[in-house]
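Comments concern the structure below.
The values are calculated or read from the model by the stated rules, or taken from the named source; none is laboratory data. Owing to the predicted nature of the structure, the values given are computational and were not obtained by experimental measurement. Note that each Cβ is placed from the backbone with ideal geometry, even for glycine, and that neighbours are counted across all protein chains shown. Heads up: the accessible areas ignore ligands, DNA and RNA and are worked out on the full protein's heavy atoms, side chains in. Shrake-Rupley method; radii C 1.70, N 1.55, O 1.52, S 1.80 Å.
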Amino acid sequence: MSETSAQEINNKPKKKQHNSVLYAAGMLTIMMTISRILGFVRDISVSSMFGISWQADAYTAAFTIPDLIYFALVGGGLSSAFIPVFSSYLATERDEDAHIMASTILNIVAIASMVLIAIGIVFTPQLIDIMVRFEHANAAEATALTIVLTRIMFAQCFFMCLAGISQGILQCYKEFTIPALGAVVYNIAIIIIGLLLARHIGIMGFTIGVVVGAALNLLLQIRAMRQYGFSYKLRLNLTHPGVKKFFLLFLPVVLGLSMNELNLLVSQRLASGLGDGVVYALKQAQRIMMLPVGIFAAAIGLSVFPTMTSHVARGEIEAYKQNLTMGLRTVIFITLPASAGLIALSHPVTRAMYQQGAVTGQQIELVSVILVYYCIGVVGYGAQQILNRGFYAVQDTKSPVLINVFVLLFNIIISILLVGPFTYRGLALAYSLSGLLSMFVLGIALRFKIGQYGGKALLKSALQSIIASVLMGLAVYMAANGLEQILDMSNKLMQIVQVGVGITIGVIVYAAMAIVMRMEEAQQVLRIVKRKLGRK
């Protein structure tokens, strides 16, 4: 290929890049919303066919070891080490160094994942015995099924590890749509293949769908990287400065990730002894609670992170702080009312989503009660998306890791203390309290690290959001309770209407309160809407 042709390939996609963080966050929010909806469709498909049962518990537990490998190799390293180093090369126009560094990391991840997967396949029964201990009538069947499904899931782990690094590369090019679209393709594949195969091979059909979805996701990322002119190199250049920098940033994260996975294992082990379906119920309640975090907070964090790292690489510290503060305020403005709304609508939302097929009313009540306790920590986990990246942007991975190790130890201890008197409620409450503690400690530590970054404005915005969210939550609860008395809630359409009306009232009340209190976030949204209408 000629130098001119290569340059044309490299330049063409860059014309489509948008410097606006708001635009990127908006596009990410749309794609993540679609992905999350499909994720719930996927889970609803599983629960409708198998109920909140021991089969569903086995399917949920089968993700544990593959996810452990993924997060150890990619999950933390992607955000804490890879993106800052790769982005700094792009920001200073050293593309060749960026490609060598990224190719080396890709190859290392591929080799490491294959070795760990091979070990995992051999020792799956022993590992499952450590991580899950079912204590109900179907314990033996659940354990045997978990072992089989876990071994199938290992193939998904390999594809997801490579896709994770590939998505990081695309995000550094300010391409956020394709990585988010990969999650959409992943969920669609699970739903279609799972429904087609489940009637013949049971819940294993959904597990095969997971593997196929992960492979399609990786292929989508590879195609996009080629369009952006990324030049993959089959080499292991361990002496490259970028690779050395990556490992210097990544190694502290290993400790944090190991503590995080230990925390998850402790929680799952405690949950597996609480009764049939509790593991699955906790997982589904947590998925609902993480909806505003995964859609809004994650979108804002992902979109603002490469911009922050670029500002730091060019020495533009004030611009970095402005992006950091903007991200935090926006996350607080969105996640606080989302938390209040989910608490008010916990039972209606859970019923509308899951009560069909083999799912019983008692199982719905289990999930909805857990959801209330989980929702207490929504704002904490949302703020984490920004605060952690605030540290990573200045290439400090040690501080957030040390803080999160402390918080995770707190979570493990308080989970053990609360599970006795409060059973599954205690596990959810411990998780929420840990998220709030992490938010406060990370925020204070970052203040000492970089200096002031809008503390008064953040406090004012948070207090205003709390007041508006409490009033909104009360209005939503009263509206939902009123509809409960007059509508036939055995009808699925009426269940959806109840949730839809509650959400609509919540949005109207919160927006009105934000405008009355002259919150800057609301005024910014109004200015954007006016500009859009003016253009039309």
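General remarks:
- Filter result for the condition that a residue is assigned to a helix (DSSP H, G or I), surrounded by fewer than 24 Cβ atoms within 10 Å (Cβ to Cβ), in contact (Cβ under 8 Å) with a residue 12 or more places away in the chain and not polar (S, T, N, Q), over Leu73, Leu116: Leu116
- Answer residue from region 468-519, given it is open to solvent by 70 Å² or more (accessible area, probe 1.4 Å) and within 11 Å of Leu345 (Cβ to Cβ) and is farthest from the chain's Cα centre (by Cα) among those: Asn481
- Within region 356-388, the set of residues being farther than 20 Å from Trp54 by Cβ, touching a Lys or Arg at 6+ places or on another chain (Cβ under 8 Å) and surrounded by 23 or more Cβ atoms within 10 Å (Cβ to Cβ) comprises just one member, Tyr373.
- Matching entry among Leu162, Leu219, Leu195, Leu262 (being part of a helix (DSSP H, G or I), within 21 Å of Ile121 (Cα to Cα) and at pLDDT 90 or above): Leu162
- Answer residue from region 165-178, given it is more than 18 Å from Ser231 (Cβ to Cβ) and not in a helix (DSSP H, G or I) and is most open to solvent (accessible area, probe 1.4 Å) among those: Lys174
- The number of residues in region 351-378 being assigned to a helix (DSSP H, G or I) and either hydroxyl-bearing (Ser, Thr, Tyr) or in contact with a Pro (Cβ under 9 Å, 6 or more places away or on another chain) (or both) comes to 5.
- Filter pass, Leu436 being within 14 Å of Val266 (Cα to Cα), surrounded by fewer than 18 Cβ atoms within 10 Å (Cβ to Cβ) and out of contact with any Lys or Arg (no Cβ under 6 Å at 6 or more places or on another chain): no
- Filtered residues of region 401-422 (kept if among the β-branched types (Val, Ile, Thr) and either more than 21 Å from the chain's Cα centre (by Cα) or under 23 Å from Val372 (Cα atoms) (or both)): Val407, Ile412, Ile413, Ile414, Ile416, Val419
- Residue list for region 400-423, filter: at pLDDT below 90, closer than 30 Å to Gly455 by Cβ, in contact with a Leu (Cβ under 8 Å, 6 or more places away or on another chain) and surrounded by fewer than 21 Cβ atoms within 10 Å (Cβ to Cβ): Val405
- Every residue from region 371-422 that is among the β-branched types (Val, Ile, Thr), free of Cβ contacts under 8 Å to residues at least 60 places away in the same chain and more than 25 Å from Tyr280 (Cα to Cα): Ile403
- Qualifying residue in region 228-249 (condition: touching a Pro at 6+ places or on another chain (Cβ under 8 Å), farther than 20 Å from Glu521 by Cα, at pLDDT 80 or above and open to solvent by 10 Å² or more (accessible area, probe 1.4 Å)): yes
- Among the residues of region 439-456, those that are open to solvent by less than 40 Å² (accessible area, probe 1.4 Å) and part of a helix (DSSP H, G or I) comprise Met439, Leu442, Gly443, Ala445, Leu446, Ile450.
- Looking across region 179-192 at every residue that is over 9 Å from Leu38 (Cα atoms) and touching a Leu at 6+ places or on another chain (Cβ under 6 Å), the one that is surrounded by the fewest Cβ atoms within 10 Å (Cβ to Cβ) is identified as Val185.
- Of all residues in region 122-147, those being exposed (fewer than 15 other Cβ atoms within 10 Å of the Cβ) and either in a helix (DSSP H, G or I) or not aliphatic (A, V, I, L, M) (or both) number 11.
- Number of residues in region 288-309 that are of a type outside the set (Phe, Trp, Tyr), closer than 13 Å to Gly327 by Cβ and either open to solvent by 10 Å² or more (accessible area, probe 1.4 Å) or within 8 Å of the chain's Cα centre (by Cα) (or both) equals 4.
- Check on Gly426, on the phi > 0 side of the Ramachandran plot and open to solvent by less than 30 Å² (accessible area, probe 1.4 Å): no
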